[in-house]
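If you scroll down you'll find the structure; I have some questions about it.
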């Protein structure tokens, strides 16, 4: 995941006339594609507390802006996919239970 370094922040703040050239270098992402934990809770049907706990533990992809967390819409789907446990094949279940 791309992270902005101190040089980016410094240049944006102290050299606003060159801001356009910095904008051209950053990855293209629409900020409307980012949602608060409360919005993700409504979209996913998961409790907001669970989402915030997963954020704090670093299990969900997010960006932190000050004290706020912003998540991409598919953060929950990515988490579920990464943590999905596939069932054992029928023959393997019989061997493990013996």
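Please specify each residue of the stretch 57-77 satisfying the condition of being surrounded by 11 or more Cβ atoms within 10 Å (Cβ to Cβ) and either touching a strand residue (DSSP E or B) at 6+ places or on another chain (Cβ under 9 Å) or at positive phi (or both).
Within the stretch 57-77, 60, 61, 62, 63, 69, 70, 71, 72, 73, 75 meet the criteria.
Now for a separate question. Let me spell it out: the conditions are (1) assigned to a helix (DSSP H, G or I); (2) modelled with pLDDT under 65, and residue 76 meets all of them except one. Which number is the exception?
Checking residue 76 against (1) assigned to a helix (DSSP H, G or I); (2) modelled with pLDDT under 65, the one that fails is (2).
What tally of residues in the stretch 22-35 results from selecting those that are assigned to a loop (DSSP other than H, G, I, E, B) and either modelled with pLDDT of 95 or more or surrounded by 15 or more Cβ atoms within 10 Å (Cβ to Cβ) (or both)?
Here is the first cut: in the stretch 22-35, the residues assigned to a loop (DSSP other than H, G, I, E, B) are 26-30.
In the following step, the residues that additionally are either modelled with pLDDT of 95 or more or surrounded by 15 or more Cβ atoms within 10 Å (Cβ to Cβ) (or both) were identified as none.
Counting residues in the stretch 22-35 that are assigned to a loop (DSSP other than H, G, I, E, B) and either modelled with pLDDT of 95 or more or surrounded by 15 or more Cβ atoms within 10 Å (Cβ to Cβ) (or both) gives 0.
Separate question: Taking the condition of being surrounded by 13 or more Cβ atoms within 10 Å (Cβ to Cβ), free of Cβ contacts under 8 Å to residues at least 12 places away in the same chain and not in a helix (DSSP H, G or I), how many residues in the stretch 42-56 meet it?
Final tally of qualifying residues: 0.
The values are calculated or read from the model by the stated rules, or taken from the named source; none is laboratory data. No experiment lies behind these values; they were computed from the predicted model shown. We place every Cβ from the backbone using ideal geometry, glycine too, and count neighbours over all the protein chains shown.
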